[in-house]
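A short write-up of the structure that comes next.
The values are calculated or read from the model by the stated rules, or taken from the named source; none is laboratory data. Computed from a predicted structure; not experimentally measured. Every residue, glycine among them, receives a Cβ derived from its backbone with ideal geometry; neighbour counts consider all protein chains shown.
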Amino acid sequence: MSLEEARTRQWLERAVIGLNLCPFAKGVVVKDQVRHVVSTATTPEALLAELVAELTHLAAADPEQLDTTLLIHPQVLTDFLDFNDFLDVADQALTELGLEGVLQIASFHPDYQFAGTAPGDAENLTNRAPYPTLHLLREASIARAVAAFPEAEQIYERNIATVTALGHAGWRRLLDEPVDQQGAQHEPGQQP
């Protein structure tokens with residue numbers, strides 16, 4: 001397992017699931033239905049080709065075996081504004097593949113910033129990941145999860161309250177524990 005995948009898994013387990021930022025994530029992680037793909041792309045064009053391949057792969061896969069994909073791309077779109085602009089290209093690819101309404105793309109970035117917020121606002125932490133990441137999801141899975149979760153529309157507000165209470169220092173402590181390439185976590189200060 002690459003360091004990028006190990007750090008992303010740590011973020012998924014400690015922040016997304018550990019802080020319950022996405023109450024739907026634990027089920028697919030426990031069932032091992034998440035595909036982690038670390039892109040080697042160094043250009044937006046190469047990333048787009050990988051995105052198209054992963055969207056096609058997910059759409060064709062058995063949902064019981066593969067429910068969602070994290071396309072981690074540490075070498076391209078590291079600037080958040082470039083990443084944000086690429087999301088329009090990603091959504092266009094989804095449409096051109098005829099997968100609109102079947103799959104959707106969520107976005108995470110180390111410098112994620114919601115419109116109308118300052119870069120340092122704690123609420124941005126809800127969509128911050130160790131590396132730029134495109135999360136490919138099945139619309140049917142989202143619909144089932146929302147139907148099963150009472151007041152799903154309140155998740156966003158609860159997440160803001162959670163990360164605001166944690167603060168930037170708490171967020172860093174949560175994610176900065178060393179992780180080796182096998183995914184094992186180490187106590188702070190302990191050598192991997």
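Let me spell it out: the conditions are (1) of a type outside the set (D, E, K, R); (2) assigned to a loop (DSSP other than H, G, I, E, B); (3) surrounded by 12 or more Cβ atoms within 10 Å (Cβ to Cβ), and ALA106 meets all of them except one. Which number is the exception?
Condition (2) is where ALA106 drops out.
Is there a residue in region 36-43 that is buried (at least 18 other Cβ atoms within 10 Å of the Cβ) and either over 13 Å from the mean Cα position of the chain (by Cα) or hydroxyl-bearing (Ser, Thr, Tyr) (or both)?
Looking through region 36-43, at least one residue is buried (at least 18 other Cβ atoms within 10 Å of the Cβ) and either over 13 Å from the mean Cα position of the chain (by Cα) or hydroxyl-bearing (Ser, Thr, Tyr) (or both).
May I ask you to list pairs of residues, at least six apart or on different chains, whose Cβ atoms are under 6 Å apart, with the first in region 148-171 being polar (S, T, N, Q) and the second being not in a helix (DSSP H, G or I)?
ASN159/LEU21; THR162/LEU19
Yes or no: ARG144 surrounded by fewer than 18 Cβ atoms within 10 Å (Cβ to Cβ), of a type outside the set (A, V, I, L, M, F, W, C), modelled with pLDDT of 95 or more and closer than 20 Å to PRO23 by Cα? Let's see the steps before the verdict.
Numbers: surrounded by fewer than 18 Cβ atoms within 10 Å (Cβ to Cβ): yes; of a type outside the set (A, V, I, L, M, F, W, C): yes; modelled with pLDDT of 95 or more: no; closer than 20 Å to PRO23 by Cα: yes.
So ARG144 does not fit the description; no.
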